[in-house]
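The values are calculated or read from the model by the stated rules, or taken from the named source; none is laboratory data. Treat the numbers as computed from the prediction; the structure is a model and nothing was measured. Reconstructed Cβ throughout: ideal geometry from the backbone, glycine too, with neighbour counts over all protein chains shown.
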Amino acid sequence: MNAFSYNEAFSRNLGWTTEAEQARLRGARVAVAGLGGVGGFHVLTLSRLGIGAFSIADFDRFDVPNFNRQAGATVSTLGRSKIEVLAEQARDINPESDLRLFPEGVNADNLDAFLDGVDVYVDGLDFFAFDARRKTFAACARKGIPAVTAAPLGMGTAVLVFMPGGMTFDDYFGWDGCDETEMALRFLLGLAPAGLHRGYLVEPQRINLAEHRGPSTAMGCYLCAGVAATETLKILLGRGELRAAPWGYQFDAYTGRLRRTWRPGGNRHPLQRLALAIGRRSVRTTNPAPVK
């Protein structure tokens, strides 16, 4: 068995990166909060890109319902800590990885430590982790850390990038004064104004925002990891077109469509306000309030 060599392990990246750029990736630290649906794939994809250091956070353990979409979810890892499993897998790819583990997840008490020395934050939090997501993006804005979120929607992905000095997560999504159902609706429609995934949702009743339930696919998660890693590469290397929020884009593999979106004002944009009004009616129709 050959001894591990960073230069040899990631030599096939060269051509798409230069040797100097690969050295930059090796010296970069990326933070990923949430290692479930998309977060685990983020860590593994970025590890194979040659990112040399990670700060990762998750408090959960693998369970059977994770099998359809989560990196690391197998029979042999049932009941195991997600952060331990993903740390092992990342070190199997690059034994030299500098990993900082936050097994309690991200919270107000550890955000400064979690983001210390971080070059890019990649969002892997559960869709419904509203408080943790809002605080993490706000901390990134304060610290001048670029933040990438890629959501798995159907068999595709929707992507937003928040850059220092630009539009913030709070400005874009407008969650002030919202209950959780409204936050979920604003997050979903804000991520994907184009709605390319909606046409092939065959059982809408499987989505219940109030109960924090929704369908998912592995294809969406894999696509998220690919686009998030690409945006991260562009940020770290300072090349390639990068359109930050209020720009975004959605790619849907099922329909074979790509759509760029531009929503000045985020969810305050007139088209978004109309979509939200329609979405609220749809939520009431699909998930009526229980009879008391």
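Scan the helices (runs of 4 or more DSSP H) fully inside the range 162-275 and keep the ones with 1 or more residues being under 30 Å from Ala28 (Cα atoms) and over 18 Å from the mean Cα position of the chain (by Cα). Show your work before the answer.
Working: elements: 169-173, 180-191, 218-237.
The helices (runs of 4 or more DSSP H) meeting that bar are 169-173, 218-237.
Of the residues in the range 47-59, not one is of a type in the set (Lys, Arg), more than 22 Å from Thr136 (Cα to Cα) and part of a loop (DSSP other than H, G, I, E, B). Here Glu180 meets each of (1) over 20 Å from Arg69 (Cα atoms); (2) surrounded by fewer than 15 Cβ atoms within 10 Å (Cβ to Cβ); (3) at pLDDT 95 or above with one exception, condition (3). Taking the listed residues Leu191, Leu209, Leu223, the one that is at pLDDT below 95 and crowded, with 18+ Cβ neighbours inside 10 Å is Leu209, with no other qualifying. Within the range 67-78, residues that are part of a helix (DSSP H, G or I) have Cβ atoms under 7 Å from residues that are not acidic (Asp, Glu) in these pairs: Thr77/Phe62; Thr77/Val85, counting only partners at least 6 apart in sequence or on another chain. It is to be established whether one or more residues within the range 48-69 are modelled with pLDDT of 95 or more, within 17 Å of Thr230 (Cα to Cα), aromatic (Phe, Trp, Tyr) and out of contact with any His (no Cβ under 8 Å at 6 or more places or on another chain). Yes, that holds for at least one residue.
A single entry from Arg100, Arg12, Arg24 fulfils the requirement of being of a type in the set (Lys, Arg), in a helix (DSSP H, G or I), in contact (Cβ under 8 Å) with a residue 12 or more places away in the chain and more than 21 Å from Cys221 (Cα to Cα): Arg24.
The set of residues in the range 133-168 that are farther than 16 Å from Ala113 by Cα and surrounded by fewer than 21 Cβ atoms within 10 Å (Cβ to Cβ) comprises Arg134, Met155, Met163, Pro164, Gly165, Gly166, Met167, Thr168.
Looking across the range 104-118 at every residue that is of a type in the set (Gly, Ala, Ser) and surrounded by fewer than 14 Cβ atoms within 10 Å (Cβ to Cβ), the one that is nearest to Ile83 (Cα to Cα) is identified as Ala113. Within the range 51-61, the set of residues being surrounded by fewer than 24 Cβ atoms within 10 Å (Cβ to Cβ) and hydrophobic (A, V, I, L, M, F, W, C) comprises Ala53, Phe59. On inspection, Thr157 passes the criterion of being under 19 Å from Leu35 (Cα atoms), out of contact with any Ser or Thr (no Cβ under 6 Å at 6 or more places or on another chain) and at pLDDT 95 or above.
Sort through Val30, Val75, Val85, Val43 and tell me the only one that's of a type in the set (Val, Ile, Thr), loosely packed, with under 15 Cβ neighbours inside 10 Å and modelled with pLDDT of 95 or more.
Working: Val30 fails: loosely packed, with under 15 Cβ neighbours inside 10 Å; Val85 fails: loosely packed, with under 15 Cβ neighbours inside 10 Å; Val43 fails: loosely packed, with under 15 Cβ neighbours inside 10 Å.
It is Val75.
Screening the range 57-78 for residues that are out of contact with any helix residue (DSSP H, G or I) (no Cβ under 6 Å at 6 or more places or on another chain) and of a type in the set (Val, Ile, Thr) and picking the one that is farthest from Ala218 (Cα to Cα) gives Val75.
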